[in-house]
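The values are calculated or read from the model by the stated rules, or taken from the named source; none is laboratory data. In this text, all values refer to a predicted model and were calculated from it rather than measured experimentally. FYI the Cβ positions are ideal-geometry reconstructions off the backbone, even for glycines, and counts take in every protein chain you see.
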Amino acid sequence: MAVREEPRPTSSMQVPAVEAADTAPRHGAVMTPIAAKAAAVVRVATGFVFLWAFLDKTFGWHYATGSGKGWIDGGSPTKGFLSGVQAGPLQSFFHDIAGKGWADALFMLGLLGIGLALAGGVALRLTAVAGTVLMAMMWAAEWPPAQHLSTGAPTMSSNPFMDYHVLYAAVMVLMAAAYAGNTWGLGRIWARIPFVRRNRWLL
């Protein structure tokens, strides 16, 4: 007597959380519809962080960047921060590149590209790599392991390793691994582009 097999749920089917947990692989990986939507919200929110930083530094919206000091006004988005680095083994390197045109351009393009990719849900693998590099550089500039600045003043570091730069990098890696761009994003459309299909690292 043939036994009728139940159809396996696809990514487009609404799967109750209990059923999803019961049918999950042994390693425990499961993405319920609610989890997918939650990941999409985190993705868009993180993208907005980068986009806001780009816009504020470009136009000087009087938040982190004062009015009239934006990039379009001739201000440098890296000079103030990098020239003020006073901790860590890369102080002289950051001082040397502070305010350089190429450094400003790379930093701003990084903020814009990462922000747009996260908000749109495309190229999340590439974004995770680029975002992790950018966060690592910013982490090194602040150098949380230091307890004192080169002036002897306390750094006020709250944690010698784990800070928001590490968390942002981890979030971007998670978004890429979870294909978070497929929900409320353009991930599926992006993946069907012939050039992207031939170069899976662009997913």
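Answer with yes or no whether Ala64 is buried (at least 17 other Cβ atoms within 10 Å of the Cβ) and over 19 Å from Pro145 (Cα atoms). Answer is no for this residue.
For segment 154-203, the set of residues classified as in contact (Cβ under 8 Å) with a residue 40 or more places away in the chain and not in a helix (DSSP H, G or I) consists of Thr155, Ala178, Tyr179, Thr183, Trp184, Gly185, Leu186, Leu203, listed by residue number.
Mind checking whether some residue in segment 65-83 is at pLDDT 95 or above, among the hydrophobic types (A, V, I, L, M, F, W, C), touching a Ser or Thr at 6+ places or on another chain (Cβ under 8 Å) and under 23 Å from Ala170 (Cβ atoms)? Looking for residues that are at pLDDT 95 or above, among the hydrophobic types (A, V, I, L, M, F, W, C), touching a Ser or Thr at 6+ places or on another chain (Cβ under 8 Å) and under 23 Å from Ala170 (Cβ atoms), one finds none in segment 65-83, hence no.
Any residue in segment 120-127 that is within 30 Å of Val196 (Cα to Cα), among the aliphatic types (A, V, I, L, M) and assigned to a helix (DSSP H, G or I)?
Scanning segment 120-127, I find at least one residue that is within 30 Å of Val196 (Cα to Cα), among the aliphatic types (A, V, I, L, M) and assigned to a helix (DSSP H, G or I), so the answer is yes.
Which count do you get for residues in segment 131-153 that are out of contact with any helix residue (DSSP H, G or I) (no Cβ under 6 Å at 6 or more places or on another chain), crowded, with 16+ Cβ neighbours inside 10 Å and in contact (Cβ under 8 Å) with a residue 60 or more places away in the chain? So the answer is 1. Of the helices (runs of 4 or more DSSP H) lying entirely inside segment 32-102, those containing at least 1 residues that are under 20 Å from Thr183 (Cα atoms) and either without any contact (Cβ under 8 Å) to a residue 60 or more places away in the chain or under 24 Å from the mean Cα position of the chain (by Cα) (or both) span 33-59.
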